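Engineer: Quick one: this structure, given as structure tokens, is what I'll be asking you about.
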Amino acid sequence: MPIDFDKIPTPCFVLDEQSLEINLQILNLVQQNGNVKIICALKGFSFWREFPLIGHYLKGAAASSLNEARLIAEEMSTEAHTYCPAYKDEEFDTILAYSSHLTFNSLSQYDRFYERTKSFGKKVSLGLRINPEYSEVKTDLYNPAMEGSRLGIVRSKLGDKLPKGIEGLHFHVLCENDSYTLKRTLIEVEKKFGDLISQAKWLNMGGGHLITKEGYDVEHLVKLLVDFRERYPNLEEIILEPGEAVGWQTGFLVTSVQDIIACKNFHIAMIDASFACHMPDCLEMPYKPDILHAKEPDKTDKYVYRIGGNSCLAGDFMGMGDYAFEKPLEIGEKIVFEDMIHYTMVKTTFFNGVQHPHIGILTKAGEFILLRSFGYDDYKEKLS
């Protein structure tokens, strides 16, 4: 069913519910056939109005902060698998209340808070984040296992037995990777931590598993997980916590052209959204998103445009390359950035006071529903 972009205000993040459900069905297939638990990592996908749908297919959600753990409790009606790089003393008991599993990033955090967990009013399963010192992630900003990483405990700091009260281990060294990368990673994890995994009740393999991407070898992943469980029959739970795979290709960001600036070899199309404020991974990773009805330019293309954001940051433009369009762009024309639901809304800012994108959904019936708009009060209340 064609989308009527004229009915969508700009800028606007739009989630396609049908695409989301297809992703969840794929993830659930892995859960069932691989005998694992898949949970949604809020750091990548926090579209909480869809939490009931996510909860129908997946086994919960992963939190990296008190706010995320509370959102899981309130909107998914379940307890969180919580990992924070550092827990704050004044937040710790509340985080415990919202959590079924809690992972410590360091032995010093474990030493500081373990006694608190023993005296707490309910059972929370405790784990440690381990660092296998191996990762195939090329961008340091997204590589948790780079030299000198602050994330996780290296093997040399652990003894032959799990610390008292620790029931699980957690590693996370993937980013948009496939099952073959996971296979190579597990070889390194088992080489260094296999004896400790044999003592654990659960193992969390973290996120970065891009299971819902076209071409991902789901059958290979399932076999990998089944074989792993056979090697460690002591494990009661094997957990994967993708965020990006939940939101992968489930929606778009609709923008409008506000100005056209002519340069020597190309034109700049200024839009009413910002890469710095609304699509930060385009600058941080960096990566170049697809634009509907545009392509990579070549020497024969007449209508080549660089896309500029509307903040005052000099680098607020698509620096990974320009786009070729079939005809000249006009002021007021819609530009639609594809695959803009994961790692976008969770990272947006009000820098420069730039208008924050609206949020809407495209229902399975093809109807657009505007869920949320942001204005001056939202900007002001973020400041003081």
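Engineer: With θ set to phi - 60°, apply the Karplus curve 6.51 cos²θ - 1.76 cosθ + 1.60 along the stretch 305-317 and write out the HN-Hα couplings as whole Hz, x wherever there is a Gly or Pro.
Structural biologist: 10, 9, 9, x, x, 10, 9, 7, 5, 4, x, 7, 7
Engineer: As a test, work out the antiparallel percent of DSSP beta bridges whose residues both lie in the stretch 35-246, rounded to the nearest 5.
Structural biologist: So the antiparallel bridges in the stretch 35-246 amount to around 0 percent.
Engineer: How much of the pair distance distribution for the stretch 104-190 lies past 21 Å, counting alpha-carbon pairs only, in percent?
Structural biologist: Roughly 37 percent, rounded to a whole number.
Engineer: Counting each DSSP H run of 4 or more residues in the chain as -39500 (n - 2.57), what helix-only mean residue ellipticity at 222 nm follows after dividing by all residues, to the nearest 500 deg cm²/dmol? Working shown, then result.
Structural biologist: Working: 11 runs with 105 residues, N = 384.
That comes out to -8000 deg cm²/dmol.
Engineer: Could I have the simple spin-label model distance between Lys138 and Met320, label points 7 Å from Cα toward Cβ, reported in nm to one decimal?
Structural biologist: With each label point 7 Å from Cα toward Cβ, the separation is 1.1 nm.
Engineer: Could you list the chymotrypsin sites (Phe, Trp or Tyr not before Pro) in the stretch 1-60 that lie in coil according to DSSP, counting only those with at most 13 other Cβ atoms within 10 Å of their Cβ?
Structural biologist: none
Engineer: Could I ask something else about it? Mind checking which lysines have their Cα closer than 25 Å to the Cα of Lys223? Skip sequence neighbours fewer than 8 apart in that chain.
Structural biologist: Reachable lysines: Lys37, Lys59, Lys183, Lys191, Lys192, Lys201, Lys213.
Engineer: So which trypsin sites (Lys or Arg not before Pro) in the stretch 103-138 end up in coil per DSSP with only 13 or fewer other C-beta atoms within 10 Å?
Structural biologist: Numbers: sites: Arg112, Arg116, Lys118, Lys122, Lys123, Arg129, Lys138; in loops: Lys122, Lys123, Lys138.
Passing both the DSSP loop test and the Cβ count: Lys122, Lys123, Lys138.
Engineer: Using Cα positions and a limit of under 21 Å, work out the lysines in reach of Lys380, with same-chain residues fewer than 8 apart set aside.
Structural biologist: Reachable lysines: Lys347.
Engineer: Per 0.36 nm of contour for each residue apart, how much would the distance between Glu284 and Arg184 grow if the chain were fully extended, relative to their Cα-Cα spacing?
Structural biologist: 33.4 nm
Engineer: Also, quick follow-up: Using the beta-carbon distance between Asn35 and Asp259 and R0 = 41 Å, what value does 1/(1 + (r/R0)^6) give for FRET efficiency, to the nearest 0.05?
Structural biologist: In this case the efficiency is close to 0.15.
Engineer: Could you name the lysines in cross-link range of Lys264, using Cα to Cα under 30 Å and dropping any fewer than eight places away on the same chain?
Structural biologist: List returned: Lys288, Lys295, Lys299, Lys302, Lys327, Lys334.
Engineer: Can you compute log10 of I(q)/I(0) for the stretch 35-246 with the Debye formula, treating each Cα as one identical point scatterer, at q = 0.13, 0.15 Å⁻¹?
Structural biologist: Log-scaled intensity ratios, in q order: -0.70, -0.96.
Engineer: Are there GluC sites (Glu not before Pro) in the stretch 80-128 that DSSP marks as loop and that have at most 16 other Cβ atoms within 10 Å, and which are they?
Structural biologist: Values: sites: Glu90, Glu91, Glu115; in loops: Glu90, Glu91.
The qualifying sites are Glu90, Glu91.
Engineer: Continuing with the same structure: Below 8 Å between Cα atoms, with a sequence gap of 6+, how large is the relative contact order for the chain in percent?
Structural biologist: Dividing the mean separation by the residue count of the chain yields 20 percent.
Engineer: Taking Cα pairs under 8 Å and at least six residues apart, what relative contact order does the stretch 68-220 come out at, in percent?
Structural biologist: About 19 percent, as a whole number.
Engineer: Pick from Gly319, Gly121, Gly309: which residue has the top mean-square fluctuation in a GNM of the chain where Cα pairs under 10 Å get a spring?
Structural biologist: Most flexible of the set in this elastic network: Gly121.
Engineer: May I ask you to list, by number, the DSSP H helices of the chain whose Cα span along the axis is at least 24 Å and whose average Kyte-Doolittle hydropathy reaches -0.5 or more?
Structural biologist: 17-34
Engineer: Here's a follow-up. Restricting to the chain, compute how many DSSP beta bridges are antiparallel as a %, nearest 5. Don't skip to the answer; put the middle values down first.
Structural biologist: Details: 25 of 60 bridges.
For the chain, the DSSP antiparallel bridge percentage is about 40.
Engineer: How far is it, in nm, from the label point at Arg112 to the one at Arg150 when both lie 7 Å from their Cα along the line to the Cβ?
Structural biologist: Here the answer is 1.2 nm between the modelled labels.
Engineer: While we're on this one: Rounded, prolate or oblate: which fits the stretch 5-105 when a ≥ b ≥ c are the square roots of the eigenvalues of the alpha-carbon gyration tensor, with rounded for a/c under 1.5 and prolate only if a/b beats b/c?
Structural biologist: Judged from the Cα gyration tensor, the stretch 5-105 comes out oblate (a/c at least 1.5, b/c at or above a/b).
Engineer: Spelling out what I want: for every residue of the stretch 358-366, take phi, set θ = phi - 60°, compute 6.51 cos²θ - 1.76 cosθ + 1.60 (Karplus), and round to whole Hz; glycine and proline get x.
Structural biologist: Karplus-based 3J(HN,Hα) across the stretch 358-366 equals 5, 10, x, 10, 10, 5, 5, 7, x Hz.
Engineer: Residue by residue through the stretch 233-250, what is 3J(HN,Hα) from phi via Karplus (6.51 cos²θ - 1.76 cosθ + 1.60, θ = phi - 60°)? Round to whole Hz and write x for glycine and proline.
Structural biologist: These are the phi-based 3J(HN,Hα) values: x, 5, 6, 7, 9, 10, 10, 10, 10, x, x, 5, 5, 5, x, 4, 6, 9 Hz.
Engineer: Per 0.36 nm of contour for each residue apart, how much would the distance between Leu370 and Phe350 grow if the chain were fully extended, relative to their Cα-Cα spacing?
Structural biologist: Working it through step by step, the gained length comes to 5.2 nm.
Engineer: Could you work out which residue, out of Ser156, Ser125, Ser106, moves most in a Gaussian network model of the chain, that is, has the largest mean-square fluctuation with Cα springs under 10 Å?
Structural biologist: Ser156
Any read-out appearing in this document is the output of simple, stated calculations on the displayed coordinates, not a laboratory observation. Computed from a predicted structure; not experimentally measured. For neighbour counting, all protein chains shown are included, and Cβ atoms are generated from backbone atoms with ideal geometry for every residue, glycine included.
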